[in-house]
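Let me begin by presenting the structure, written as structure tokens, before commenting on it.
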Amino acid sequence: MLCRAGDILRFAETAQPGSQATYGRGANPPRELVQAMRQLVDAGVLHPKRKREGGEFLFLVERGSAPLSAADQRRAARGYARRQNVRRSSLSMVFECLKLAAVAERPCPTNEELARRCHLSGKDAARYRVGLLVKSGRIAVEDCGPNAPRVVTVLTGRHAGKSTRRIV
């Protein structure tokens, strides 16, 4: 079992691609070992894994095929940096679509349009997220009948009070 940061580096230097070693057991991996192998993981030298064993997890690290020098080159080229791609939740994406329609004074997008724009599985997923936004108090929805688009009013943030256009 790998117990210290030096053990992780030694494993990365000596192990063959595909070899595995255990570095922790429990509910969460050891924080100091995760920090020690972060650059090696980012460079593709190591791949962390976990397996369930009874009521706890077994944390493993697998040696990848990237050379150990890849981690040094990556660090020298730009230093440690956080990942640039930021994941956005589907709920925030739906809120953003509704907010943009209100700010631009356009009619409210349908559930099908929201699903397509926010990469959701369908109109029911969009309807669910709109309901969550209403429950959390971020928007208010006024139903204008079966053939007219709903009117959404933004209740929080910089654009509070803005509403989508009403179609008569």
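Per-residue ellipticity at 222 nm, computed for the chain from helices alone with -39500 (n - 2.57) per DSSP H run of at least four residues, works out to -11000 deg cm²/dmol. Compute the angle between helix 90-103 and the longest alpha-carbon principal axis of the chain, please, reported from 0 to 90 degrees and rounded to the nearest 10. Its long axis makes an angle of about 40 degrees. Rounded to the nearest Hz, the phi-derived 3J(HN,Hα) couplings of the range 19-28 under the Karplus curve 6.51 cos²θ - 1.76 cosθ + 1.60 (θ = phi - 60°) are 5, 10, 9, 8, 10, x, 8, x, 7, 10, where x marks glycine and proline. With respect to the chain, whose longest principal axis is taken over its alpha-carbon atoms, helix 5-14 is tilted by about 70°. The lysines within cross-link reach of Lys162, meaning a Cα-to-Cα straight distance under 16 Å and a gap of 8 or more places when in the same chain, are Lys99.
Taking amide H as placed 1.01 Å from N in the peptide plane, Leu60 has its amide H under 5 Å from the amide H of Tyr23, Lys49, Arg50, Lys51, each at least 5 places away in sequence or on another chain.
The solvent-accessible area of Ser19, taken with every protein chain present and a 1.4 Å probe, is close to 40 Å². Only protein atoms count toward the accessible area here, which uses a 1.4 Å probe; on the chain, the carbon and sulfur part of that area reaches 49 percent. Couplings for the range 141-148, taken from phi via the Karplus curve 6.51 cos²θ - 1.76 cosθ + 1.60 with θ = phi - 60°, read 10, 10, 7, 9, x, x, 10, 10 Hz in order; Gly and Pro are left as x.
Each other residue within a Cβ distance under 9 Å of Thr164 adds +1 if Lys or Arg and -1 if Asp or Glu, for a net charge of +4. By a 1.4 Å probe calculation restricted to protein chains, Met37 has an accessible surface near 10 Å², given to the nearest 10. Across the range 158-164, computed HN-Hα scalar couplings (Karplus, 6.51 cos²θ - 1.76 cosθ + 1.60, θ = phi - 60°) run 5, 9, 4, x, 6, 10, 6 Hz from first to last residue, x flagging Gly and Pro. Solvent exposure of the chain amounts to 65 Å² per residue of accessible area, where only protein heavy atoms count and the probe is 1.4 Å.
The largest accessible area among Arg116, Arg138, Arg25, Arg158 belongs to the first residue in Arg158, Arg116, Arg25, Arg138, and the rest follow in falling order (1.4 Å probe, all chains).
The values are calculated or read from the model by the stated rules, or taken from the named source; none is laboratory data. Since we're looking at a predicted model, the values are computed, not measured. Here the Cβ is made from the backbone with ideal geometry for all residues, glycine too, and neighbour counts use every protein chain on show. Areas reflect the complete protein model, heavy atoms only, side chains present, ligands, DNA and RNA absent. Shrake-Rupley method; radii C 1.70, N 1.55, O 1.52, S 1.80 Å.
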